[in-house]
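These notes concern the structure reproduced below.
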Amino acid sequence: MDRSAQPRTPVYLDHHATTPLDPRVLAAMMPYLTGKFGNAASRSHKFGWEAEQAVEESRRQIASLIGASPREIIFTSGATESDNLAIKGVAEAYAGKGDHLIVCAIEHKAVLDVCRRLEQRGARVTRLPVGRDGLVDPGAVEAAIEERTVLVSIMYANNEVGTLQPVAEIGRICRERGVLFHSDAAQAVGKVPVNVDADQIDLLSISAHKMYGPKGVGALYVREREPRVRLMGQMDGGGHERGMRSGTLNVPGIVGLGEACAICGREMDEESARLRRLRDRLRAKLEAELDEVSVNGGMEHRLPHNLNMSFACVEAESLMMGMSGVAVSSGSACTSAVMEPSYVLKAMGVADDAAHSSIRFSLGRFNTEEEVDYAAERTIEAVKKLRELSPMYEMTREGTWFK
Ligand SMILES: Cc1ncc(COP(=O)(O)O)c(C=O)c1O
């Protein structure tokens with residue numbers, strides 16, 4: 001692996017947004033972008049057979065990473081589609097049983113917006129709060145389950161603060177109460193051990209581009225036994241993927257996802273320890289040089305490569321401009337020309353000004369120690385410079401700033 005001493009700028013620390021394609025994944029995909037171009041549904045010639053074989057190998061690789069059986073893997077275009085298929089598919093298939101869903105407030109929009117759509121169609125949705133640590137209380141899940149609850153959907157790992165939800169406990173509760181459990185694991189699979197049996201998960205969303213695979217491909221795990229999950233397909237057509245997702249399979253993408261899973265499975269232990277060291281080094285450097293900083297979300301149950309920090313009296317947008325040479329993202333989003341604080345941080349009880357001053361650092365496979373040091377230095381420089389211009393900062397330090 002090429003981890004040269006000199007930082008390559010800009011240093012990419014935005015791996016929750018997307019990850020670079022691992023060259024080993026590209027190498028596995030190449031034959032299927034060139035000579036082996038067959039349609040996996042073609043049953044009458046070698047081109048189809050070799051494509052089908054490659055797809056089945058990928059199914060095995062994915063299943064093996066999450067403790068599933070290959071038949072339980074349905075290919076999709078990514079986690080957004082997997083979330084749509086899981087939630088809408090279950091809501092439709094189980095409409096006779098009930099009309100109630102449970103999610104948490106910090107789910108990705110691919111879950112929250114699907115719920116809003118289902119509400120317009122008459123469903124009822126409970127959105128559970130999270131604590132300051134970014135975690136859902138499993139007891140609150142249990143208390144929210146009703147007679148007519150058909151699905152609980154709680155993400156495995158959050159994409160802003162990296163917190164890992166108590167999925168095994170939630171899975172146990174759902175199984176006991178006879179309610180299906182879906183988890184959006186786009187940020188978790190390949191980064192931390194995920195086992196659908198140990199966690200008693202019935203549906204699980206996966207995305208290739210979050211794990212050094214290609215964009216536009218993902219998978220949905222759908223439990224086949226105890227219980228057998230029924231799902232109403234959302235795409236009508238040729239009946240691919242056992243009728244759950246019609247459409248010609250993206251063979252090169254699927255091969256890439258499989259290879260990405262195999263690599264993550266082999267390297268996860270070592271890589272997560274390395275990333276945790278780098279992440280803690282970044283945090284230590286920032287905290288050593290800067291006062292009035294705080295980490296958003298608990299550190300205990302957290303992805304090893306995530307650091308979300310607020311820098312008091314500094315606007316994240318200005319900070320990112322000052323940190324040229326480092327690619328990160330902020331805890332604000334631009335909606336209709338105004339900056340809105342992140343709904344995730346808000347749900348965790350982070351004040352608006354702290355959310356507006358938050359930066360999400362997410363480290364990845366090709367980051368080096370030198371790159372992390374470079375990022376820390378650029379951040380420290382930029383924060384100090386902006387604070388020099390800030391009367392609020394002086395008042396905060398002197399304790400004369402009252403909100
Ligand atoms: C938690 C989570 N769910 C879903 C998605 C959407 O994934 P995709 O880009 O594969 O549609 C993302 C990506 O931002 C994510 O972080």
For the chain, the longest principal axis of the Cα atoms and the Cα long axis of helix 109-120 enclose an angle in degrees, to the nearest 10, of 60
Ratio of alpha-carbon Rg to the 2.2 N^0.38 Å globular estimate for the stretch 147-258, to two decimals, please. 1.12
With the contact rule set at Cα under 8 Å and sequence spacing of 6 or more, what percent relative contact order holds for the stretch 1-94? 11
Counting sequence-distant residues (5 or more places) and residues on other chains, those with an amide H built under 5 Å from that of T76 are G218, A219, L220
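Please order T76, T18 by the number of other Cβ within 10 Å, starting at the fewest. Display every interim value, and only then the final one.
Working: T76 27, T18 14.
Going from least to most buried by this count: T18, T76.
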M155 long-range amide H proximity, modeled H, under 5 Å: C104, D184
Angle between the Cα long axis of helix 251-289 and the longest principal axis of the chain, 0 to 90 degrees, nearest 10? 20
Provide, for the chain, the number of lysine pairs with alpha carbons under 21 Å apart, each pair being eight or more places apart or on different chains. 12
Using θ = phi - 60° and the Karplus form 6.51 cos²θ - 1.76 cosθ + 1.60, what ³J(HN,Hα) does each residue of the stretch 380-391 get, whole Hz, x for Gly and Pro? 4, 4, 5, 5, 4, 4, 5, 6, 4, 8, 9, x
Relative to the chain, whose Cα atoms define the longest principal axis, helix 79-93 and its Cα axis are tilted in degrees, nearest 10, by 50
May I ask you to evaluate 6.51 cos²θ - 1.76 cosθ + 1.60, the Karplus curve with θ = phi - 60°, for each residue of the stretch 213-227 and list the ³J(HN,Hα) values in order in whole Hz, giving x for glycine and proline? x, x, 7, x, 9, x, 8, 10, 7, 10, 4, 9, 9, 6, x
Under DSSP loop assignment and at most 10 Cβ neighbours within 10 Å, longest GluC sites (Glu not before Pro)-free interval of the chain: 148-299
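We did not get these values from a lab; they are worked out from the coordinates using the rules stated. Computed from a predicted model, the values in this text were never measured in an experiment. Cβ coordinates were reconstructed from backbone atoms using ideal geometry, including for glycine residues, and neighbour counts include every protein chain displayed.
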